[in-house]
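> Here's a structure for you.
The values are calculated or read from the model by the stated rules, or taken from the named source; none is laboratory data. The structure displayed is predicted, hence computed values, not measured ones. Cβ placement follows ideal geometry from the backbone for every residue including glycine, while neighbour counts extend to all protein chains displayed.
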Amino acid sequence: MKAALLEELQALRAAGRPVAVVTRLADGAQALIHAGSVEGDLGLAPDQHAAALRQLAIDASGMLDEALFLRAWNPPLRLALIGAVHVAQALVPIARELGFFVTVIDPRTAFAQPARFPDVALTTAWPDDALRALAPDSRTAVVTLTHDPKIDDPALQVALGSEAFFIGALGSRRTHATRLERLRAGGISEAVLARIHAPVGLALGGRRPAEIAVAIAAELVQTLYAQPLRTAP
């Protein structure tokens, strides 16, 4: 790899940006792909560029076509759960199996107990402060679970201003309609509000905490693999 390309690759990885290197096997020519742009001495056709972005988005290092090899580097998958509730307890081990590093955020110390969430990153900071510190990126999902506007709304406001690839909120359709009214009153546009998956979780029909957790995990996976790579604003 040429020195300038290697330096850019290292800088992007240090900044936590998704990046891929595409190499033409015949002669070693390379392209660096990140945030929708291409650098290097290898030109890519539009369909090759689109395919490369898809492979990067799902961490799929491997052959791009019969002549090109793609190596994907992504920041780790992260999941921020707002609310140390029963659904969160059921969702944590599922999300870990899916490769997410999980953080549980709840200012209510009666709920946010290490005994209830052993070996989990747990914080009792207020959700908006905790999320700002977490700095959600395009590999981060945020799900609110408390049904308490004082806790969920500040988290949603921060998440909606971030690059998070998934933002979900637990609650009925009626609850969500009321939630949207509050967020609109706070100046959030319809286009931005449309990013919220609510009621969060695929419609599997379950009602128990573990069943709801499975539905949320399923929607996380569906969204991760269905969406193209989000680019930085």
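> Quick one: LYS2 ticks every box in (1) under 16 Å from ALA72 (Cβ atoms); (2) surrounded by fewer than 20 Cβ atoms within 10 Å (Cβ to Cβ); (3) modelled with pLDDT under 90 except a single one, so which number is it?
Just one mismatch for LYS2, condition (1).
> Tell me yes or no: at least one residue of the range 181-194 is β-branched (Val, Ile, Thr), touching a helix residue (DSSP H, G or I) at 6+ places or on another chain (Cβ under 6 Å) and crowded, with 20+ Cβ neighbours inside 10 Å.
no
> May I pose another question? What residue, of LEU180, LEU204, is outside any helix (DSSP H, G or I) and at negative phi?
The conditions single out LEU204.
> I've got another one for you. Residue pairs, Cβ under 6 Å, 6 or more apart or interchain, first in the range 34-58 and farther than 12 Å from VAL19 by Cβ, second polar (S, T, N, Q). List them.
Every condition considered, the pairs that remain are LEU42/GLN30.
> Being among the charged types (D, E, K, R), over 29 Å from LEU53 (Cα atoms) and surrounded by 21 or more Cβ atoms within 10 Å (Cβ to Cβ) narrows it down to one residue among ASP119, ASP152; which is it?
Among ASP119, ASP152, only ASP152 is among the charged types (D, E, K, R), over 29 Å from LEU53 (Cα atoms) and surrounded by 21 or more Cβ atoms within 10 Å (Cβ to Cβ).
> Then there is this: Anything in the range 13-41 that is of a type in the set (A, V, I, L, M, F, W, C) and at pLDDT 90 or above? List them, or say none.
Result: VAL19, ALA20, VAL21, VAL22, LEU25, ALA26, ALA29, ALA31, LEU32, ILE33.
> Which count do you get for residues in the range 187-230 that are of a type in the set (Asp, Glu) and farther than 17 Å from GLY161 by Cα?
Qualifying residue count, the range 187-230: 2.
> In the range 183-201, which residue that is part of a loop (DSSP other than H, G, I, E, B) and in contact with a Leu (Cβ under 7 Å, 6 or more places away or on another chain) is nearest to ALA90 (Cα to Cα)?
This residue is VAL200.
> Starting from residues that are outside any helix (DSSP H, G or I) and not hydrophobic (A, V, I, L, M, F, W, C), keep the ones in the range 155-177 and report whichever is surrounded by the fewest Cβ atoms within 10 Å (Cβ to Cβ).
SER172
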